[in-house]
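First up is the structure itself, then whatever we jot down about it.
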Amino acid sequence: MANQPLTMDQLQTVLSQTLSHDSAIRRAAENNLSAAQKISGHPLTVLRLVASSDVANGAIRQAAAVHFKNIVKKGWDTNAEDGNEGIEISEHDRKLIQSHLVELMCTVPHQIQAQCSEAISLIAAVDFPSKWDNLLPELVQKFSSPDPNIVSGVLLTANSIFKRFRYQQRSDSLYSDILYVLERLQAPLLTLFKSTGLAVEGYANDATQLRPRVTALRTMCRIFYSLNYQDLPEYFEDHMSEWMDEFSKYLTYTNPLLTDADEEEEPSLIDGLQAAIVENLHLYASKDEEAFIPFLPTFTSLVRNLV
C-alpha cells in the first residue's frame with residue numbers, strides 16, 4: 001500500500017482523525033496525510049471527496065477541501081524556491097483538476113467554495129493564461145447563473161487572479177496577459193454590472209437577494225481597478241459614460257436593509273461598494289485622461305457629499 005493512494009474510505013478515516021481531540025491520534029493522521037500527498041493520484045482522491053455529497057460529515061469535506069488547497073499551494077509550482085515538500089502532481093492529474101475545479105466550486109457549500117476559490121487562484125498564479133486557457137471562459141460562463149452567490153464567488157475568484165495586474169512590473173508579458181483578459185472579459189463585465197444593478201433595484205426589499213449582489217458590484221469594481229491600473233483600455237474609454245453612469249448611482253445609494261444599526265463602527269456593504277468606486281475614480285483622475293475630464297465636476301460633488 002506504500003505506493004498506492006488512499007482509497008476514499010481510508011481518506012475519510014484519516015481526515016476524521018485529524019479532527020480528533022487526542023493530540024497523538026491527530027499527529028499520526030497528519031503524518032499519514034503528509035505521506036499520502038506525495039503519491040500520484042492522491043490529489044484526485046481528495047477532490048472526489050470534496051465533491052461527494054454522500055459524505056454526511058460536513059467537517060470532513062471541509063477538511064478535505066483545506067487539504068486539497070494546501071497540496072496545490074505546496075506542490076503545484078514545480079519551480080518554487082522553497083521546494084514542494086516532495087509533492088508530485090502528474091500532468092494527467094493537473095489537467096483533470098483544471099477541467100473540474102471551477103464547476104466544483106460552483107456546486108459545493110459556501111465554506112468549501114472559499115477553499116476551491118483559493119485553490120483556483122493558486123493554480124492560476126502559476127498556469128494562467130498560457131497553461132489554463134479554459135479558465136476565463138468557464139468563469140465568464142458562470143456570470144449567467146441564476147444563483148447570485150455563485151456569481152459573487154466566481155467574481156471573487158477572478159478578482160484574486162487579476163490583482164497581480166496592479167503590482168507586477170510593466171513588461172510585454174504582463175501586457176499580453178492583460179490583453180488576453182480584456183478580450184474575453186471587458187464586455188461581459190460591463191453587461192453583468194448593469195444587470196446586477198437592475199437586480200439590486202428589483203430586490204430593494206429583500207436583504208437575502210441584495211447582499212450577494214451588492215457584494216458582486218463591489219468585486220466588479222475591484223476587477224475594473226485591476227484591468228485599468230496599467231493603462232486605460234480602449235474598450236473602457238469607449239464605454240466610459242456607461243461605467244460612470246453606473247458608478248454615480250451607487251454614490252448616492254442607500255438602503256436600510258444593508259445597514260446594521262448595531263455596527264456603526266463597521267463599514268456596511270454600501271460603504272465598501274462606494275469606497276471601491278471612489279478608488280476607481282481616483283485612478284482615472286490620476287491618469288489625467290481627457291475622456292474623464294467631463295465627469296470630474298459631477299463626481300467631485302458626489303464624493304464630497306460622502307465625506
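Can you list the lysines whose alpha carbon is less than 23 Å from that of Lys142, not counting same-chain residues fewer than 8 positions off? Excluding near neighbours in sequence, the set is Lys69, Lys95, Lys131, Lys163, Lys194. The sum of -39500 (n - 2.57) across all DSSP H runs of n ≥ 4, divided by the residue count of the chain, sets its helix-only mean residue ellipticity at 222 nm to -22000 deg cm²/dmol. Only one item in (1) 40; (2) 48; (3) 30 matches percent of Cα pairs over 31 Å apart derived from the coordinates shown, and that item is (1). Could you please state how large a percent of the accessible area of segment 180-273 is carbon and sulfur, counting protein chains only and using a 1.4 Å probe? Whole-percent figure for carbon plus sulfur exposure: 45.
Take the chain with all the other protein chains still there, run a 1.4 Å probe, and you get 51 Å² of accessible area per residue. Taking every C-alpha pair closer than 8 Å and separated by at least 6 residues, the mean separation divided by the residue count of segment 162-231 gives a relative contact order of 53 percent. Solvent-accessible area of segment 52-116 (1.4 angstrom probe, protein heavy atoms only): carbon and sulfur portion equals 46 percent.
Our summary of shape: the Cα atoms of segment 60-111 have principal axis extents of 34, 21, 15 Å, ordered from largest down, in whole angstrom. In the calculated pair-distance distribution of segment 84-215, the portion above 26 angstrom amounts to 28 percent of the Cα-Cα pairs. For Asp172, Asp238, Asp271, the ranking by accessible surface with the largest value first comes to Asp172, Asp238, Asp271, using a 1.4 Å probe. What percent do you get for the relative contact order of segment 151-307 when only Cα pairs under 8 Å and 6+ apart count? The normalised contact order for segment 151-307 reaches 28 percent. Under 15 Å of direct C-alpha separation, and excluding same-chain neighbours fewer than eight residues apart, Lys74 reaches these aspartates and glutamates: Asp82, Glu85, Glu88, Glu118, Asp127. Normalised by the number of residues in segment 51-122, the mean separation of alpha-carbon contacts (under 8 Å, six or more apart) gives a relative contact order of 36 percent.
About its Cα centre, the chain has a charge dipole of approximately 740 debye under the convention of +1 per Lys or Arg Cβ and -1 per Asp or Glu Cβ, with nothing else charged. Here the Karplus curve 6.51 cos²θ - 1.76 cosθ + 1.60, taken at θ = phi - 60°, turns the phi angles of segment 144-150 into couplings of 8, 4, x, 8, x, 6, 5 Hz, with x standing for Gly and Pro.
Dimensions of segment 151-307 based on its C-alpha atoms, expressed as ranges along the principal axes with the largest first, amount to 49, 35, 28 Å. Packing order of peptides 67-76, 124-133, highest average first: 67-76, 124-133 (average count of other Cβ atoms within 10 Å over each peptide's residues).
The values are calculated or read from the model by the stated rules, or taken from the named source; none is laboratory data. In this text the structure is predicted, and so the values were computed from the model without any measurement. Neighbour counts run over all protein chains shown; Cβ positions are idealised from the backbone, glycine included. Heads up: the accessible areas ignore ligands, DNA and RNA and are worked out on the full protein's heavy atoms, side chains in. Shrake-Rupley method; radii C 1.70, N 1.55, O 1.52, S 1.80 Å.
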